[in-house]
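The values are calculated or read from the model by the stated rules, or taken from the named source; none is laboratory data. Note that this is a predicted model, so its numbers are computed, not measured. All Cβ positions, even for glycine, are placed from backbone atoms using ideal geometry, and neighbour counts span all protein chains on display. With ligands, DNA and RNA removed, areas are computed over all heavy atoms of the protein, side chains included. Shrake-Rupley method; radii C 1.70, N 1.55, O 1.52, S 1.80 Å.
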Amino acid sequence: QVQLVESGGGLVQAGGSLRLSCAASGGPFSFATMGWFRQAPGKEREFVAERIWSGATNYADSVKGRFTISRDNAKNTLYLQMNSLKPEDTAIYYCGLKQRSSGTYYGWGQGTQVTVSS
């Protein structure tokens, strides 16, 4: 069974930085596409960034240039480095695996809260 556990969230002032971690277990992930999503109160979960198995990355326009997704296969961990944080980045952040067959994400953990104050 795939298990994903997010951590690293917290309170930060606008302009600050945080690094989120997603610890994965339950199988090899070297050739898996993994991504980060977020959900703000009253809003739908939205795409933030993904790392394709090949190493290529995609970012939402709202975070492009500020966030960086990476992974450490030796540690089985996905990261999201968030710089120049804005209040609108406030949300619960989740990581997930992309299904090869459907192209949709699954395996969400409990999420980690990111709160950016002005």
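Annotations
- Gyration tensor (alpha-carbon) shape descriptor, segment 66-117, a/c threshold 1.5: prolate
- The chain, Cα convex hull volume normalised per residue, Å³: 98 Å³
- Carbon plus sulfur fraction of accessible area for the chain, probe 1.4 Å, in percent: 48 percent
- Charged side chains reduced to their Cβ positions (Lys and Arg at +1, Asp and Glu at -1) give segment 1-66 a dipole of some 140 debye around its Cα centre.
- You can think of it this way: the chain between SER62 and SER84 has 6.7 nm of extra reach, that is 0.36 nm per residue less the Cα-Cα gap.
- Rounded to the nearest 20 debye, dipole of segment 1-112 from Cβ charges on Lys, Arg, Asp, Glu: 160 debye
- Using a probe of 1.4 Å on the protein chains alone, the accessible area found for LYS98 is around 70 Å².
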